[in-house]
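A.B. asks: Okay, handing you the structure first.
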Amino acid sequence: MSYRTMYTTALLPTRARINPVVPDDSPYSNPDQTMLIVEKDNGSLIVLTSYGDPGWQVGDVKEGHHDQTLRSIGMLRVKGVKGPSREEGQIPDRNLPHWVFK
């Protein structure tokens, strides 16, 4: 179940791309990060990374906004999670835009 609140998640694009299956080629790759593969409203996928577990689960729907411009990114549906202690859901083997939590 999801419901809209007055709070949204602040995110920032890195202008880099990352392959969640083989992230070593990305300039921001770190094995201690948790990667969330999320689907935007328009159907495109992005990768969000966080140190530690951000607490999002596969199937969660959250609303995001750009950290600097405050522009709405829209609703984000978690499709997969890959981190040091867990891997679940869909983990695509291709380069995707890389964003970070702020």
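A.B. asks: Suppose the chain between His66 and Tyr51 were pulled fully straight at 0.36 nm per residue; how much longer would it get relative to their current alpha carbon spacing?
C.D. replies: Once the chain is fully extended between His66 and Tyr51, it gains 3.5 nm.
A.B. asks: Give me a comma-separated list of calculated 3J(HN,Hα) values for region 17-33, in order, Karplus coefficients 6.51, -1.76, 1.60 applied at θ = phi - 60°, integers in Hz, x for any Gly or Pro.
C.D. replies: 10, 9, 9, x, 7, 10, x, 4, 7, 7, x, 10, 6, 8, x, 7, 7
A.B. asks: Averaging over every viewing direction, what projected area does the convex hull of the Cα atoms of region 43-98 cover, in nm²?
C.D. replies: 4.4 nm²
A.B. asks: About its Cα centre, how strong a charge dipole does the chain have in debye, to the nearest 20, once Lys and Arg get +1 and Asp and Glu get -1 at the Cβ?
C.D. replies: It comes to approximately 340 debye.
Read the figures in this text as sums done on the coordinates, not as results from a lab. Quick caveat, the model's predicted, so the values are computed rather than measured. Virtual Cβ from ideal backbone geometry, glycine too; neighbours counted across all protein chains shown.
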